[in-house]
Amino acid sequence: MPRRALLPLLVGLAFAPCSRAEITFTPSMIVKETWTDNVNLSPREQARSEFVTELAPAFSVAARNQRMQLAARYQFRRFLYSDDDAPNLRDSGSDLQADFKARVLDDLLFLDAAASRGQQTVSAFGQQFSDNPYSTSNRTNVSTWRVSPYLTHRFGSSAVLLARYTRDSVETGREGYGNTRGDSYSLALSSPQERRIGWNLRYDRQDLTDRLAGDSSTESIGAGLSWRVLPTLTLNAGGGYDDNDYQALGGRTRGNNWNAGFQYSPSARTTLSMSVGHRYFGKSRSLSALHRSRHTVWNIGFSESVTTTRSQFTLPSAVDTAELLDRLFTPNFPDPEQRRLAIAAYLQATGLPPTLADDVNYLSNRYMLQKQFQASAAFQGARSTLLLSLYDTRREALSVQQADSSLLGSSLFNLNDNTRQRGVAANMTYRLSARASAYALLNAAHSNSLSTGARQTNRGVRLGLQRRFQRALQGNVELRRLEGSGSGGGTSYSENAISATLSMTF
């Protein structure tokens, strides 16, 4: 059967159980009025004040039974301006997030699927739009989808097999960025987890079709051993070979690899894992630490890997806001569905972005070596909730500059050769009464092109009051201050704004 015919068949089989699932459909509507003294985040001498009316109908769908889980949300945003002649403004936009998981055949065939649509920063050296949705400067639409069927089988007490195929797509509306299709294959054979001495074999391959930068592929094969020294401590080691096919900048694209490390889990709430090794690009290190108590969540991570912009879209590396809140809300909302609703209500009330550190990714057609440190913490008190996050990311391009020539232009062709980005974000919510709360959001991000000297610093502050008038009706008033300063190709701007919002759930 052809591959294109097989995927719709699997999706159809997966959705078949939906008729027996409990489906929740929740429509909503947001009306927002904003006054801003710099509606399109222009340089100070070109700033224009504006009244903006925003109408944002939305709906969410949730379905769950023993065989499948579906969670989706769509929002359409329409912007009306007091001065229609103002340049570089959006008339409308839409956002989509959808995730689907299904057990197609018991203990054998499963399916994961996801789709998204939203706005994305084009360059790290320009305006950041997370708090200003109107300007068209330095942003573009990004749409992704992914369908991934996989097989699992257990060979008694001897081995476990996992075979997965993934078809995905990343498309943008930005000229110069290549829209891509990806086909990924993975095959893993390992010993059961209950074994004290374990082993694993793995093969991975990805083929990319890029209309602009050309086709490329990555391939790796590996084997590993693990030894559970204590019930709480496991040692592991592995080795293999990487073989990548892309237009390299001059270094190697293939070679042997090895790694050694450990995982320490003294309790169900605490996990620490660390590894060191070597790959074709040099040293390879990773660290992951997670601790959760009744009122706090701590998360620290460091990794070194070869990545691309499109892989960051399909598998984001920024701090996931909902995931952090999920861990924090677990003690008070043990039921997954009630916890999901509580998280959605919190995100809507505070206006938090999907990721707390969402300035990390920017558009590039090149392969790059990424060294990334991330840390996040969440605290919940009797009346307050505090979220903190920080990141430090270094990216060195591995493929040729020509891949980005049409995206950056001839004068900035080496802008993304070697970049470093650092940022912090904080969000605090304080409950004033059973119906009212106050919140504050602060963020700062700094980007530096080590190859050209370009620099960009962006800061933002949001202060707001939120009140629930009825069970399905709430409103809030917010003050906003944004500021950016740049040199060597960066952008300088500032904005002050005040807004009032009514949100209704039907």
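Modelled spin-label separation between Leu290 and Gln338, with each label point placed 7 Å from Cα along the Cα-to-Cβ direction: 2.3 nm.
Counting only residues at least eight positions apart within a chain, or on another chain, the aspartates and glutamates with an alpha carbon under 13 Å from that of Lys32 are Glu54, Glu478. Taking amide H as placed 1.01 Å from N in the peptide plane, the amide H of Leu398 sits under 5 Å from that of Tyr367, Met368, Leu369, each at least 5 places away or on another chain. Using the Cβ-Cβ distance between Phe59 and Arg254 with R0 = 51 Å, the FRET efficiency computed as 1/(1 + (r/R0)^6) comes to roughly 0.60. Identify all lysines with a Cα-Cα distance to Lys283 below 27 Å; exclude those on the same chain that are fewer than 8 residues away in sequence. Within the straight-line limit of under 27 Å, Lys283 reaches these lysines: Lys371.
Return the tail of the calculated pair distribution for region 171-211, meaning the percent of Cα-Cα pairs more than 16 Å apart. Show your work: numbers first, answer last.
Working: 490 of 820 pairs.
Across region 171-211, Cα pairs with separations above 16 Å total 60 percent.
Going 7 Å from the Cα of Ala382 along its beta-carbon direction, which residues of region 411-443 have the amide nitrogen within less than 18 Å of the resulting point? Counting backbone N atoms under 18 Å from the label point, the list is 429-438. The gain in end-to-end length when the Ser485 to Asn88 segment is fully stretched comes to 141.0 nm, 0.36 nm per residue minus the alpha carbon separation. Across region 183-197, coupling constants 3J(HN,Hα) worked out from phi with the 6.51/-1.76/1.60 Karplus curve, θ = phi - 60°, read 10, 10, 10, 9, 9, 9, 10, 9, 6, x, 5, 6, 5, 6, 10 Hz, and Gly and Pro carry x. Note on Leu465 and Phe76: with the Förster distance fixed at 30 Å, the Cβ-Cβ geometry gives a FRET efficiency of about 0.65. Any idea what diffusion coefficient the chain gets from Stokes-Einstein, in µm²/s, Kirkwood Rh on alpha carbon pairs, 20 °C, 1.002 mPa s? The Stokes-Einstein estimate is 86 µm²/s.
With a cut-off of 18 Å, note down the residues of region 69-95 whose backbone N falls inside the zone around a label point 7 Å from the Cα of Met29 toward its beta carbon. So the set is 74-80.
Please work out the FRET efficiency for the pair Arg154 and Val477, using the Cβ-Cβ distance as r and a Förster radius of 51 Å; give the result to the nearest 0.05. All intermediate terms of the calculation are to be shown ahead of the outcome.
On the way: r = 57 Å, r/R0 = 1.11.
It comes to 0.35.
Every number in this text was worked out from the coordinates using simple rules, so none of it is lab data. Just so you know, these numbers come straight off a predicted model, no measurement behind them. Note: ideal-geometry Cβ built from the backbone for every residue, glycine included; neighbour counts use all protein chains shown.
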